[in-house]
1. In a GNM of the chain with a 10 Å cut-off on Cα contacts, which of 350, 383, 206 has the highest mean-square fluctuation?
2. Specify the inter-centroid distance of segment 32-79 and segment 98-140, based on alpha-carbon positions, in whole Å.
3. Under a GNM of the chain (C-alpha, springs under 10 Å), which listed residue has the highest mean-square fluctuation: 82, 96, 129?
4. What list do you get for 116, 136 if you sort them by fewest beta carbons within 10 Å?
5. Under 13 Å from a point 7 Å along the Cα-to-Cβ line of residue 209: which residues of segment 354-393 have their amide N that close?
6. With a/c under 1.5 counting as rounded, go ahead and sort segment 268-312 into rounded, prolate or oblate using the C-alpha gyration tensor (a ≥ b ≥ c being the square roots of the eigenvalues; past the cut-off, prolate if a/b is larger than b/c, else oblate).
7. For segment 289-393, take the convex hull of the Cα atoms, compute a quarter of its surface area, and give me that in nm², please.
8. Hey, could you pull the Cα Rg and Dmax for the chain, both in Å?
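Rule-based calculations on the coordinates, nothing more; no lab input. Everything numeric here is computed off the predicted structure, so don't read it as measured data. A quick note on method: Cβ atoms are made from the backbone with ideal geometry, for glycine too, and the neighbour counts reach across all protein chains shown.
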Ligand code: SDX
C-alpha cells in the first residue's frame, strides 16, 4: 500500500546499520554504551565522561578526561554575531524552533569545521556541538522570557553551567544547588544516545548525503521535536496538566485502554522496551530526590504524576501490554520541578542527545562503504496513462 517503504539491501541504509556504540535489549530492559550498563554510568560517571566514551569508544584516563573537558569548556561561547539570530524570532517562538534555526546557522559561522572529509574538522565540529548546545538552548530560553543572555563560565561543570545560564540574572548572585546539578547531569547522561531512534536515523540519513555536521544535527533536532519522540516529555506534562487533579486519573486511564480513543498516556510505552526502560529506573530515583528537595505540596501537576505512576503500574492492562513509564515521564517531572517551562523540555533532550547524534555521525562518515541513504518504496499509485486535455475531463 502507498507509503510502505522497503530499503535497498545494497547499501548501508539507515533502516538497519552496523554500529558499535549503543546496544539495547528491549525484552530485558538493557541499555549498554560501548558495553557499559547505563545504570552504572548514571551512578558512577558523569555526562562529559559518557560523551568521551560514546565518541572515542573507551572510558578516558584522568589526563584524557581533563583534556576533553578543557576543550569542551573552551568552546561553550557562541560567536557574538549569532545573538542577532535569536533577536529575529518573535518572543513567543518555541525554543525548539530557535534551536533548529540557530544550530543550522552554525555552519555559516564555523566554516573551519564543516569539511566532513577532514578528520581534524570532524573532531572540532564534534567538540563545538557538545560545547555550544547548552549555550544555544539557554539563550533560546532567556530570549523567550525576555531576560538577558547569561554567558557560560569556565569554572563550573557542564550541568551547573547550563542551569546557571538558564536561571541566573545579572542583578543577583546565583548558586547552583548540587542536587539539581546532579539531577541535570543525570538527565543529560540518560538521554545521551539510544541506538537508531528516529532522530538519530534522521541524522544518519542527512549525513549520508555529505551535508555538513551542523545541518545534520539541525535535522535531528527537527525530528526529535515530535510528541511521539523527544516531544513526549513536553506532551507528558501537558497531559498531567490536562488531567489536573488526582480524582480525574481513572478517567484518563480508561481512555488509554479504550481502543476507539486515540488518547495515549504520554510518557508511557516504548517502541523497543517491552520491559521497564532502564533509564527510567534511574530517572525515577532522581525525580524522587528533586521532588523531596522542591516539594510537591504546592504543585498539583506533580501530585497527579506520582498518583498516575502508582495507578498505572498497579493496573494489569499496562503490565500485560508491557507499558511502563519511560524516560520522558520522569525527566518531564524533574524539569517541571526545576522550574523549566514545558517548551524547554525537548530542547534539553536535544542538548543531551547531541553527543549520540555526533558519535553516530562520526561512525557513519568513517564507513568506507558509505553511500547516500536512498530508501525505495512499493508503488501503489495509478498505472501508466496518457494526459487528458481539460476540455475532455
Ligand atoms: C522516546 O526510539 C527511541 O529510542 C526513542 C527514545 C530515545 O531515547 O530516543 O527512547 C525516546 O521517544 C521514548 C518514547 C516517548 N514517547 C511517548 O512517551 C509517547 C507515548 N508513547 C506511545 O506513543 C507509544 O508507546 C510509542 C510510540 C512510544 C510506542 O508505540 P507502539 O510501538 O505502538 O508500542 P507497542 O507496540 O508496544 O504498543 C503495544 C500496545 C498497542 O496496543 P494494541 O495494538 O496492542 O491494542 O499498547 C498500546 C498500543 O496502541 N500503547 C499505548 C501506549 N503506547 C502503546 N496505549 C496507551 N498509552 C500508551 N502510551
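1. The residue that fluctuates most here is 383.
2. Segment 32-79 and segment 98-140 have Cα centres spaced 18 Å from each other.
3. 82
4. By the 10 Å Cβ count, ascending: 116, 136.
5. Those under the cut-off are 372-375.
6. On the way: a/c = 3.41, a/b = 1.72, b/c = 1.98.
In terms of gyration-tensor shape, oblate.
7. Result: a mean projected hull area of 15.8 nm².
8. For the chain, the Cα-based Rg and Dmax read 22.0, 79 Å.
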